[in-house]
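Everything below concerns the one structure shown next.
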Amino acid sequence: MADTTGTANPEHLDAATGVHGEDGVRRRDFINIAAVSFAGVGTVAVIYPLVSQMAPSADVLAESTTEIDVGAIEPGQAIKAVFRKQPLFVRRLTPAEVSAANDVVLGELRDPASLGDRTKEGHGDMLVTMGVCTHLGCVPLGAAEGENKGEYGGYFCPCHGSHYDTAGRIRKGPAPTNLLVPEYEFTSDTVIQVG
């Protein structure tokens with residue numbers, strides 16, 4: 001019968017051979033590290049394609065900015081363009097429209113904003129807005145010649161009766177906010193880059 005009163009230290013005992021090791025590293029530790037590393041590489045291999053497929057496609061990146069030549073727009077005239085597959089209105093205001101927009105008491109507006117807040121410095125007569133009604137996303141009238149511009153001479157959404165003034169601010173109807181002014185800058189005196 002074997003004597004079981006020995007004082008072997010199990011922390012330094014090699015699991016495969018039963019021999020005491022000096023450094024305390026066992027084969028099992030290596031297998032654990034290898035398994036965790038393999039699982040990490042497998043996780044990255046599975047998750048990377050799922051995350052990368054959410055990146056914008058090449059056609060979306062191509063439409064992320066739009067350049068518009070505004071040199072030919074006469075005072076009182078507006079044009080429609082497309083920005084990120086949505087309508088964009090660019091309007092050159094007449095001096096009378098600029099004056100009327102500046103004379104509005106901001107406290108009377110549902111979404112207070114001055115004309116200066118909605119245009120670029122030095123280009124106060126050039127208004128750039130998204131052509132999407134802020135009520136339910138309809139396209140307002142007023143950018144093309146002969147279209148109904150509403151009671152305030154700006155834009156009119158016939159779907160639910162929202163009226164915008166010449167600065168694209170909501171004045172009457174169910175729309176909660178002004179027409180959105182996208183990020184844009186003048187790259188020259190006659191060219192704007194939207195986006």
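In segment 124-140, of all residues being open to solvent by less than 30 Å² (accessible area, probe 1.4 Å) and of a type in the set (Val, Ile, Thr), the one that is farthest from VAL70 (Cα to Cα) corresponds to THR129.
For segment 103-123, the tally of residues that are surrounded by 12 or more Cβ atoms within 10 Å (Cβ to Cβ), more than 20 Å from PRO176 (Cα to Cα) and either more than 23 Å from the chain's Cα centre (by Cα) or not polar (S, T, N, Q) (or both) stands at 3.
Residues of segment 141-160 that are modelled with pLDDT of 90 or more and either open to solvent by less than 20 Å² (accessible area, probe 1.4 Å) or of a type in the set (S, T, N, Q) (or both): TYR155, CYS157.
Applying the criterion of being open to solvent by less than 40 Å² (accessible area, probe 1.4 Å) and over 26 Å from the mean Cα position of the chain (by Cα) to the residues of segment 82-102, the residue that is nearest to TYR184 (Cα to Cα) is LEU93.
All told, ILE79 falls short of being out of contact with any Gly (no Cβ under 8 Å at 6 or more places or on another chain), part of a loop (DSSP other than H, G, I, E, B) and surrounded by 11 or more Cβ atoms within 10 Å (Cβ to Cβ).
The numbered conditions (1) of a type outside the set (D, E, K, R); (2) out of contact with any strand residue (DSSP E or B) (no Cβ under 8 Å at 6 or more places or on another chain); (3) free of Cβ contacts under 8 Å to residues at least 40 places away in the same chain are all true for VAL82 except (2).
Per the conditions (1) part of a helix (DSSP H, G or I); (2) at pLDDT 85 or above; (3) within 38 Å of the chain's Cα centre (by Cα); (4) of a type in the set (Val, Ile, Thr), the sole criterion not satisfied by VAL60 is (2).
The values are calculated or read from the model by the stated rules, or taken from the named source; none is laboratory data. Note that the coordinates shown come from a computational prediction; the quantities given were computed from them, not determined experimentally. We place every Cβ from the backbone using ideal geometry, glycine too, and count neighbours over all the protein chains shown. Areas reflect the complete protein model, heavy atoms only, side chains present, ligands, DNA and RNA absent. Shrake-Rupley method; radii C 1.70, N 1.55, O 1.52, S 1.80 Å.
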